[in-house]
Amino acid sequence: MQRPLRTAHARIWTVLAVLLPAALLAVLAIRQTVPESRPAVQLGVGAADEGSGR
Amino acid sequence: MSVKYTPVGWNRNKVLYDLVLLAAVVAYVYVFLRVAPSFADLTRPLDGAMLRAQAFGTCAFLMLTLILCIGPLARLDRRFLPLLYNRRHFGVMTCAVAFVHASYVVGWYFSFSPTDPYVALLSANTSFGRVAGFPFELFGVAALAILLVLAVTSHDFWLAFLTPPVWKALHMLVYAAYAAVVLHVALGALQSETNAVLAAVVAAATVAVCGLHLAAGRRESAADLGRAGGVREDGWLVAGRAADVAEGRALVVPVPGGERVAIFRDGERLGAVSNVCAHQNGPLGEGRLIDGCVTCPWHGFQYRLADGCAPPPYTEKIATYRLKLDGALVLLDLRPNPPGTPVDPILAPREAA
């Protein structure tokens, strides 16, 4: 590989190796998660049934 | 290597490579469709089209990750070189898989929209000011557009038309595509995914790709710095000991200015050529002599050691260099000859050197 391309590779990956994991971590850190206390909802059970207490 | 236009120069290796790839994609999608529902969040309805979109989307992400790992792995360990041979087909297949993913997504989310599905895709979400709900689709569109350009220009016709340095620079856009894909997944699927498996896979893939490229880059830098010989007053570079050049292999010598020269041994003779293949700028010095020709480790392009010309009917040429012996030392003339210039090899028996 020619020297300019080797240099470009090195620079690009030096930047990406910092930015990509950092961006990924940041996005994962601030994502909204479902509360653990959320009641389980069974599929196929209608809203009326849920509210009726049966 | 071809002298006329052929859509694909098929051979046994390429057919085998593509069949294995295709089988792997089919197997992955099949297993995903069978296994993923058991990990799904049962508090939300599970739709077949979305499941297929996820299957092809994750497949495309993993394929792109593997493609980006092949280059540095081949630099770090020669055993991975066979994977490099047909990497362009790998890329084209990745583009096709990503396209199927996009088709499912557009078909599912925007088919019933009163607006055109593609207009809706680009304009429905404008929440640029927040992370949750950010229009991550745009990153996916950008990545797919880049992959399409790279797939279309992957043929050797474009390589010859654009010249290897320009073509290589264009195809470095795949790094931007990967960054866009990581953001597409992080801001999209990972925002709603409650299972940690996908997040762990994306994080591991990103770290692996970045780490391998950094490691390969460090090795390249070390190769440039470590073996640089001194330049004598008469302008000849001390390349190394003749005895250090193994039969059929090369001693790769960095020269001032950053390029590298490959000094090959063919029996008792030594010859020097540019380390840069005329095809895709592959590292010729990491290849070997086959039938008296320097053979590129990437795609098998060949050049005669005596004059840097590809054997007929092929027409590629690389620069040659003059050598001379000073005792056991090999000296290299730093001025390259024009590509295809015959140079008399020097006699340097390995045992005597």
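Computed from the coordinates by the stated procedures, all read-outs in this text should not be read as laboratory data. These figures come from a predicted structure and were not determined experimentally. Don't worry about glycine lacking a Cβ; one is built from the backbone with ideal geometry, like all the others, and counts go over all protein chains shown.
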Completion exercise
Per-residue ellipticity at 222 nm attributable to helices in chain B (runs of n ≥ 4 DSSP H, -39500 (n - 2.57) apiece, nearest 500 deg cm²/dmol) works out to -16000 deg cm²/dmol
Practice task
State which stretch of chain B is the longest one without any exposed GluC sites (Glu not before Pro), exposure meaning a DSSP loop state and at most 10 other Cβ atoms within 10 Å.
Solution key: B:1-232
Problem - Largest-first ellipsoid semi-axes for the protein assembly as shown, taking √(5λ) over the Cα gyration tensor eigenvalues, angstrom - result: 52, 21, 18
Exercise for the section: Would you calculate the separation in nanometres between label points at residue B:8 and residue B:39, each defined as 7 Å from the Cα along the Cα-to-beta-carbon direction? Expected result: 3.0 nm
Exercise for the section: Under 1.5 on a/c is rounded, so check that first for the range B:253-353, then, if it is not, pick prolate when a/b is larger than b/c and oblate when it is not; a ≥ b ≥ c are the square roots of the alpha carbon gyration tensor eigenvalues. Expected result: prolate
Practice task
Would you list which aspartates and glutamates come within 14 Å of residue B:168, measuring only between C-alpha atoms, while excluding same-chain residues fewer than 8 positions from it?
Solution key: B:156
Exercise for the section: Mind listing the lone cysteines of the protein assembly as shown, meaning no other Cys beta-carbon sits under 4.7 Å from theirs? Expected result: B:59, B:69, B:95, B:210, B:293, B:309
Problem - Point-to-point label distance, residue B:132-residue B:46, nm (Cα→Cβ direction, 7 Å offset) - result: 2.6 nm
Practice task
Ignore the peptide's own chain and count Cβ atoms of other chains within 10 Å of each Cβ in A:15-22; give me the average, rounded.
Solution key: 5
Handout entry: Gyration tensor over alpha-carbon atoms, chain B, equivalent ellipsoid semi-axes in Å
Key = 49, 20, 18
Completion exercise
Inter-chain shielding metric for B:172-183, i.e. average beta-carbon neighbours from other chains within 10 angstrom, reads 3
Practice task
Would you mind calculating the gained length between residue B:195 and residue B:27 on full extension (0.36 nm times residue separation, minus the Cα-Cα distance), in nm to one decimal?
Solution key: 58.2 nm
Completion exercise
Extend 7 Å from the Cα of residue B:247 along its Cα-to-C-beta direction; within the range B:265-279, residues with backbone N under 17 Å of that point are B:265-271
Handout entry: Of the chymotrypsin sites (Phe, Trp or Tyr not before Pro) in the range B:55-132, those whose Cβ has at most 13 other Cβ within 10 Å and which sit in DSSP loop
Key = B:112, B:128
Problem - Cα Rg, Dmax, the range B:87-231, angstrom units - result: 19.3, 72
Practice task
Report, in degrees rounded to the nearest 10, the 0 to 90 angle that the Cα long axis of helix B:87-109 makes with the longest principal axis of chain B.
Solution key: 10 degrees
